[in-house]
Amino acid sequence: MADVVEDLTKSQGRMMETVPQPPPARRSPVKFIVLGMLALAVIAGTWAWLHFRNRVSSDDAQVDGHIVAIAPKISGTVTEVLVNDNQHVKAGDILVRIDPRDYQAKVEMARAALAQALGQVVTSRTMVPLTNESTQSGVSGASAQLADARAELDRSRLAYEQASSSDIGMAEANVRSKQASNDRAQADLARMKPLLDKEEISRQQYDSYQAQARVAESELRAAQEQLNSAQKNANIRKSAIDAARSKVDLAQSQVAGSIANRKQVDVRRAETGTASAGVEAARASLAAAELMLSYTTITAPTDGAVTRKSVEPGQIVQPGQSLMALVQSQDVWVTANFKETQLAQVHPGQRAEIHVDMYGKSVGGHVDSIAYATGSRLSLLPAENATGNFVKVVQRIPVKILVDRESNLILRPGMNVDATIFLK
């Protein structure tokens with residue numbers, strides 16, 4: 001039975017093969033293409049939404065860094081330039097030398113002025129004790145002379161008082177006594193003359209009276225001479241008083257002059273202070289001259305690469321003239337100008353990614369700060385919106401992004417980059 005069924009099946013198959021079948025209906029591929037594109041669009045949109053929903057990006061960004069302008073502080077002739085363009089230097093390396101001879105001469109002059117000022121201080125300090133001792137001895141000597149003059153005046157006064165009172169009084173009393181003796185002797189002689197003529201007395205007796213009269217007269221003249229001498233002595237003593245008084249006045253004036261000379265000590269001390277101030281001024285001048293001399297050697301203030309070198313040996317430079325610039329390649333950051341509508345959720349510390357056009361690679365970073373004014377407001381000529389045809393334009397605000405230190409890429413100020421900030 002099974003064999004019969006198998007044979008029938010095979011026969012039916014051969015019959016169907018011999019009978020021609022109609023071709024199948026062809027389906028249009030447009031529908032599949034549209035469906036595929038819609039599916040891809042949905043997938044791409046979903047991926048884009050998931051990818052960009054927690055980040056903001058800006059292609060208006062560039063690398064910034066510290067660019068140090070190198071300029072001289074003094075004028076002079078350049079004697080040596082020790083660097084070339086794009087050469088890397090370290091802090092303290094010598095860049096340019098300026099002819100130092102003029103400034104060296106000023107240093108030597110300042111040094112000499114300082115030495116002179118120090119000598120004046122030494123002289124002034126030496127003169128203070130010398131003047132003090134000399135004026136002090138002058139005062140002591142004048143005081144001693146004044147004391148001697150006063151003592152001499154006192155002695156002259158005592159001598160005058162003695163001469164004008166005791167000596168003259170005794171001389172006058174002696175004159176009166178001798179005058180009385182003489183008067184008596186002359187009277188006795190006059191009485192004896194008639195007696196001699198009458199020969200009532202002897203010639204010897206008369207001669208005795210005559211001798212007594214002569215003695216009395218001589219004694220009177222001697223007493224008068226003593227009186228005159230006492231008077232002259234009193235006048236001399238009076239003149240001595242006047243001389244002693246003059247000596248006292250002179251000694252007093254010398255004492256006053258010596259006391260006035262004591263003020264020279266204060267003058268000398270003031271001169272010492274002035275000389276000390278002169279020393280400080282000379283030291284300041286020397287320090288200023290040495291500082292100007294140090295400016296003849298221009299050194300690198302920081303590590304960096306030389307750029308825009310515009311100085312050559314033999315060139316005369318002026319203070320503030322630009323000679324070259326140093327670019328610090330290690331301390332750089334990115335300034336990205338984001339639209340104001342992108343910064344609602346941006347804050348310092350958020351992670352960032354910086355795509356460098358030069359290398360086609362990205363480096364990591366983080367937000368450091370956000371500017372407090374828009375770029376247009378900080379421009380040289382800010383836009384004036386107080387007009388009737390004002391058009392609202394989305395402004396851009398600079399955001400400072402620091403580059404992570406582990407990056408090996410060399411970033412140069414001014415390079416274009418794309419900045420992306422991750423909000424979460």
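The values are calculated or read from the model by the stated rules, or taken from the named source; none is laboratory data. The model shown is predicted, which means the values in this text are computed figures rather than measured ones. All Cβ positions, glycine included, derive from the backbone under ideal geometry; neighbour counts span all protein chains shown.
Of the residues making up the range 288-304, one or more are of a type in the set (F, W, Y) and closer than 30 Å to R111 by Cβ. Checking each residue in the range 260-293 for being within 19 Å of S75 (Cβ to Cβ) and surrounded by 15 or more Cβ atoms within 10 Å (Cβ to Cβ) picks out A289, E290, M292, L293. The lone criterion from (1) at pLDDT below 80; (2) outside the structural domain of S156 (by TED's automatic domain parsing) left unmet by A223 is number (2). Within the range 136-148, being modelled with pLDDT of 75 or more and aliphatic (A, V, I, L, M) holds for A144, A147. Residue check: is G257 modelled with pLDDT under 75, loosely packed, with under 15 Cβ neighbours inside 10 Å and either of a type in the set (D, E, K, R) or part of a helix (DSSP H, G or I) (or both)? The answer is yes for G257. Of everything in the range 153-163 that is among the small types (G, A, S) and modelled with pLDDT under 70, the residue that is nearest to I241 (Cα to Cα) is A159. Out of everything in the range 333-366 that is under 49 Å from the mean Cα position of the chain (by Cα) and among the small types (G, A, S), what residue ends up being farthest from V63 (Cα to Cα)? Top of the filtered list is G349. Of the strands (runs of 3 or more DSSP E) lying entirely inside the range 37-106, those carrying at least 1 residues that are at pLDDT 90 or above and basic (K, R) are 94-98. Among the residues here, V363 qualifies as buried (at least 16 other Cβ atoms within 10 Å of the Cβ) and within 30 Å of T307 (Cα to Cα). On the basis of being in a helix (DSSP H, G or I) and more than 45 Å from the chain's Cα centre (by Cα), does T274 make the cut? No: the conditions fail for T274. Give the residues of the range 164-200 that are part of a loop (DSSP other than H, G, I, E, B) and modelled with pLDDT under 75, sorted by residue number. Scanning the range 164-200 gives E199, E200.
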